[in-house]
1. For the subset of the range 56-99 comprising residues that are of a type in the set (S, T, N, Q) and surrounded by 14 or more Cβ atoms within 10 Å (Cβ to Cβ), which member is nearest to Ala183 (Cα to Cα)?
2. Would you pick out the residues in the range 109-125 that are farther than 11 Å from Phe50 by Cα, modelled with pLDDT of 90 or more and surrounded by fewer than 17 Cβ atoms within 10 Å (Cβ to Cβ)?
3. Being among the polar types (S, T, N, Q) and either in contact with a His (Cβ under 6 Å, 6 or more places away or on another chain) or within 22 Å of Asp94 (Cβ to Cβ) (or both) is the filter here; which residues of the range 144-170 pass it?
4. What are the residue pairs meeting all of these: first residue in the range 158-176, first residue closer than 14 Å to Ser147 by Cβ and among the charged types (D, E, K, R), second residue at pLDDT below 85 and open to solvent by 70 Å² or more (accessible area, probe 1.4 Å), Cβ atoms under 6 Å, and 6 or more apart or on different chains?
5. Name every residue in the range 8-38 that is at pLDDT 70 or above and touching a strand residue (DSSP E or B) at 6+ places or on another chain (Cβ under 7 Å), in order of residue number.
6. Please name all residue pairs, on different chains or six or more residues apart, with Cβ atoms under 6 Å, provided the first residue is in the range 110-133 and is within 11 Å of Leu98 (Cα to Cα) and without any contact (Cβ under 8 Å) to a residue 24 or more places away in the chain and the second residue is basic (Lys, Arg) and open to solvent by 50 Å² or more (accessible area, probe 1.4 Å).
7. Any idea which residue in the range 126-177 is nearest to Val51 (Cα to Cα), counting only those that are loosely packed, with under 15 Cβ neighbours inside 10 Å and among the hydrophobic types (A, V, I, L, M, F, W, C)?
Amino acid sequence: MTSRREIRDRTAALEDRTTEAGERLETVVGGGLMIATEPQLSAPVAAQGFVVEREARTHDTGHEDVVLHTTPSVSELRHSLLWYYPGPTAPREDLRILWADDRHDQVCAAATHPIIFDRPDPPPEPVVIKEGDGWRAVVPAARTIESMILRRGNAERSSHDIRGPVELPIADADEYDLVVLDAAPVPYDERVSHEDV
């Protein structure tokens, strides 16, 4: 829903602002859409329960930035909440990583850059989105849906049955007039015909 041009313009605006303010840009490895001035990105990600390693860099040009290495992958887990994936959809900000104590200690001990981490409280009636080696990614049950979500215009053109507007606080839901369909989410690979590309 965001064009490359918009991303480039936003990044340029951030770079201008950081130059003026003397701040550094933060970006998540594998998550180019998540760019902010420090520590506006790393603090919320750490508060969700991700182990965040902050790699401060100075380039040959003198430009300084911070790359965030996260365990588990922020981009992978946030993308799992997009509405075209099967399974629960929820606001990305609701995501929490719950760690087994021994595994969390191992991840921190293996870190090669300074770490920030805030252990979050588990949400009420958590729904597991994904599980990994010693961690679970969860969202609150009351803030999930398991139906396809589309822009209203796209849904009407595709003759889908519309249940109603999206009531979850999903980013840009009003701007894009997102609606809930009477249909199950479809994996991205099945939606895109590679023969048509």
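1. That would be Thr89.
2. The answer is Ala109, Ala110, Ala111, Thr112, His113, Pro114, Asp121, Pro122, Glu125.
3. Those that are among the polar types (S, T, N, Q) and either in contact with a His (Cβ under 6 Å, 6 or more places away or on another chain) or within 22 Å of Asp94 (Cβ to Cβ) (or both): Thr144, Ser147.
4. Short answer, once both residue conditions are applied: Asp161/Asp182; Arg163/Asp182.
5. Within the range 8-38, Thr11, Glu23, Arg24, Leu25, Glu26, Thr27, Val28, Val29, Ile35, Ala36, Thr37, Glu38 qualify.
6. Hits for this filter: Val128/Arg136.
7. Val128
Table: residues versus (1) among the β-branched types (Val, Ile, Thr); (2) within 22 Å of the chain's Cα centre (by Cα); (3) modelled with pLDDT of 85 or more.
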site	(1), (2), (3)
Arg151	no, yes, yes
Asn154	no, no, yes
Ile162	yes, no, yes
Leu168	no, yes, no
Val186	yes, yes, no
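The values are calculated or read from the model by the stated rules, or taken from the named source; none is laboratory data. Values in this document were obtained by computation on a predicted structure and should not be read as measured data. When we count neighbours, we look across all protein chains shown, and the Cβ atoms used for this are built from the backbone with ideal geometry, even at glycine. The protein model used for the area step is the full one, side chains on, heavy atoms only, and it has no ligands, DNA or RNA in it. Shrake-Rupley method; radii C 1.70, N 1.55, O 1.52, S 1.80 Å.
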